[in-house]
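Nothing in this text is a laboratory measurement; each read-out follows from the coordinates by a stated rule. In this text the structure is predicted, and so the values were computed from the model without any measurement. All Cβ positions, even for glycine, are placed from backbone atoms using ideal geometry, and neighbour counts span all protein chains on display.
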Amino acid sequence: MRSNVSQYELVAPGSLGAVLALLAAEPGAWTPMAGGTELMVALGAGRLEQRKLVSLWGLDELRLITANNDWLTIGAGSTFTDIRQNAVVANEFPLLARAASWTGAIANQNRGTLGGNIVNASPAADSPPVLLVYEAEIELVSAQGSRRMPYSEFHLGYKRTVMQPQELVKAVHLLRGHRLPVEYLRKVGTRNALAISKVALACVGAMQSGKVSAVRIAAASLRETPARLSATEAALFGHALTSGRIQAARKALLQEVKPIDDIRSTASYRAHVAANLLEDFLEQMAASEG
Amino acid sequence: MSAAEMQLAEIRFKVNGAERSVSVPPMKRLLDVLREDLELTGTKEGCGEGECGSCSVLLDGVLVNSCLVPVLQANGCEVLTVEGLAANGALAHIQQTFLELGGTQCGICTPGMMLAAESLLRNNPRPGLDEIREGLAGNLCRCTGYMRIIDAVRHAMQAPLLAEEQAEIDAVRR
């Protein structure tokens, strides 16, 4: 059932300051909308509950990617196309460029934004696992000021985040110069273009003298939020990758994930595939030293 | 003035090179404004969810699904639809190759395919087979099996196909 569009309000104040002032004046009354790739789908299907929307599209303050010696800063309004085309992302954070290239097809990537993907807080979203393994920080802004925190602290539960109604995501910050030698990203979905993932795993790591000297693993669609798999990481850190250790890591993963049955897949399929992806990553780790 | 009238937005934009203005609800989908208010019915609706590409248009030169763009976000922009591809009574090159190579059957996906192809070729004048596939991956066709569409895009490239490129097409077709 199509929505009656005349029941919806959409305003475009035209500057970040004006948007923040509106959000502060009536906290919770206005829903921000960037490229519309999520909310307009809900509108078309007649299930968009929010009636008052404020457009973030075209706000220059949010759509920029800058780098200094230490940090790459990606404005929340950057589209996935912007991210794919950025040289620093491509050279230093290649998993993010790949995740961006999987986020829908070209037309979606031209409109979908990193901030929207994060705020929508889907456990299946493509970019969050990558941001988690790169240990991203997230910057929120409101009329009162801004605050910055590890992205790992942003998601509180299913579609729940730390954001206050008067806040927007301003940017994501990635620390440069700490790239680990092994990087892995694999998404399993129904088809390449457009498919929402059944399960995805992002991993980075390093081996030293035959043992795991660094490892970070994050998953989509395995818990109620995008999540680091810290028990799995702990099962690997400091150990040689013997077949027994790989089995122990698989077991740790299966114990800490909580996949569900839904329209896209089943819990048991997701768990099994995730463990296989982990093993695939560990094979790359084992082969990475000499 | 009724509540509904108070919510209308004045939209001024350039559609296929012509200045247009409409007074519509700001959340009205660009797709619906094109079809209903401007009577440009070349742009089709398929899924209405941004997954099939039938409603593809160029917005300020950027490929978008017009079913996911609230018209307020197109205010002041330039829109190119399939009706704007032909100029002075002559088909655009991409239209000509779709016609000649059988890249269109029932026609529902065709306008979106052509806009996706136009966008691809503007950004990448000489795409490889994988790049064409990626460029068109957001556009579904239930008739052609895609090979004739891909052929049409390859033949629309400005430079002629190299022998190995033609061989690649022939191999896939076999």
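Got a sec? Which residues in the range A:112-127 would a label at A:SER230 touch, if it sits 7 Å along Cα→Cβ and we count backbone N under 20 Å? Label zone hits: A:123. Ranking of B:LEU38, B:LEU99 by neighbouring Cβ atoms within 10 Å, starting from the fewest: B:LEU99, B:LEU38. Put the Cα centre of the range B:27-87 next to the Cα centre of the range A:16-60 and the gap is 20 Å. Spin-label model, A:GLN144/B:LYS14: points 7 Å from Cα along the beta carbon direction are separated by 4.5 nm. Here is how the number arises for the protein assembly as shown: DSSP H runs of 4 or more residues each give -39500 (n - 2.57), the sum is divided by the residue count, and the result at 222 nm is -9000 deg cm²/dmol. Would you work out if the range B:4-54 is rounded, prolate or oblate? Take a ≥ b ≥ c from the square roots of the eigenvalues of the alpha-carbon gyration tensor; rounded if a/c is under 1.5, else prolate when a/b is larger than b/c, oblate otherwise. It comes out oblate by the Cα gyration axes.
Quick check on the protein assembly as shown: of the DSSP beta bridges with both residues there, what percent are antiparallel, nearest 5%? Taking every DSSP beta bridge with both residues in the protein assembly as shown, the antiparallel ones total about 90 percent. Sparsely packed loop sites in the range B:1-65 (the GluC sites (Glu not before Pro) outside DSSP H, G, I, E and B with at most 12 other Cβ atoms within 10 Å) comprise B:GLU39.
Under 5 Å between amide hydrogens, built in the peptide plane, is the criterion, and for A:THR113 it picks out A:GLY35 among residues at least 5 positions away or on other chains.
For the residues of A:38-49, the average number of beta carbons from a partner chain within 10 Å of their own beta carbon is 4.
For the range B:93-173, the convex hull drawn through the C-alpha positions has a volume of 82 cubic angstrom per residue. With neighbour counts taken as other beta-carbon atoms within 10 Å, the residues A:THR73, A:THR103, A:THR190 rank, fewest first, as A:THR190, A:THR73, A:THR103. Distances between placed amide hydrogens fall under 5 Å for A:THR31 paired with A:LYS52, A:LEU53, A:VAL54, all partners being 5 or more residues away or on another chain.
With neighbours defined as other Cβ atoms within 10 Å of a residue's Cβ, the residues A:TYR158, A:TYR184 order from fewest to most as A:TYR158, A:TYR184.
Annotation: the antiparallel percentage among DSSP beta bridges lying fully within the range B:3-84 is about 90.
Summary of packing: across the peptides B:128-141, A:199-212, the per-residue average of other C-beta atoms within 10 Å ranks them, highest first, as A:199-212, B:128-141. What does a probe at A:TYR158 reach in the range A:258-283, counting residues whose amide N is under 11 Å from the point 7 Å along Cα→Cβ? The answer is A:260-262, whose backbone nitrogens lie closer than 11 Å to the label point. Of all alpha-carbon pairs in the range A:65-175, indicate the percentage at a distance above 22 angstrom. Result for the distance tail: 25 percent. The C-alpha atoms of the range A:196-290 occupy a region whose extents along the principal axes are 44, 22, 18 Å, arranged from largest to smallest. Label-to-label distance, B:LEU91 versus A:LEU254, with points set 7 angstrom from Cα along the beta-carbon direction: 5.9 nm. Once you sort the root eigenvalues of the Cα gyration tensor of the protein assembly as shown as a ≥ b ≥ c, which label holds: rounded (a/c under 1.5), prolate (a/b larger than b/c) or oblate (the other case)? Since a/c reaches 1.5 but b/c is at least a/b, the shape of the protein assembly as shown is classed as oblate. According to the square roots a ≥ b ≥ c of the eigenvalues of the Cα gyration tensor, what is the shape class of the range A:1-103, taking rounded for a/c under 1.5, prolate for a/b larger than b/c otherwise, and oblate for the remainder? Since a/c reaches 1.5 but b/c is at least a/b, the shape of the range A:1-103 is classed as oblate.
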